[in-house]
Amino acid sequence: SGGADSSALLLHAARTFPQSAILALAVDHQTRVASAAECAQAARLAARLGIGFQALTVSPKGYGHAHWRDARYTALIEYCRAAGIPTLWLGQHKDDAIETAATRLLADGPLEGMAGIAASRDEAGIRIERPLLDQSAHAIRRRLMSAGIGWVEDPSNRNLTYKRAAIRLALVEPSESHA
């Protein structure tokens, strides 16, 4: 996406695997004017790292983060299955796991949902891994700055009309201000 999480994930992949073993995928939800430019920024980072890149365009069935996430995951998994890619890395981090658990708690979800986000799981024959779950958003951004890598910020992540953004503000930002 060109965001900090996905940029850090791409940098981590480039440091972990040979360039030829990596394909960066970006999903354009077409929900904002800037989304195509953000995909182009992600493509430039992949090229800078010598990594192949493929943009996927989706048309979510509704508006909001849940619809966008569903469309994104479906597109990523379908692409991996069609291309014979057995493993998909996703860029969720420690703060995302905390936000997910809090969201589920507020929704009176089942107790097993309080665990947050699984580090790995299988879906439709694709192994999904989240190698950044042990890192905070703050640490990820610091690492990107140290590496001279910029990123884009999706304004919907700060829009308090979305429950996740409000939870992020309540849970994550106050702890960062005391650091």
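Since every read-out is calculated from the coordinates, none of them should be taken as a lab result. From a predicted model like this one, the values you see are computed outputs, not experimental measurements.
Volume per residue for segment 1-71 equals 83 cubic angstrom (convex hull of Cα atoms). Residue separation of Asp70 and Ala34 scaled by 0.36 nm, minus their Cα-Cα distance, works out to 10.9 nm of gained length.
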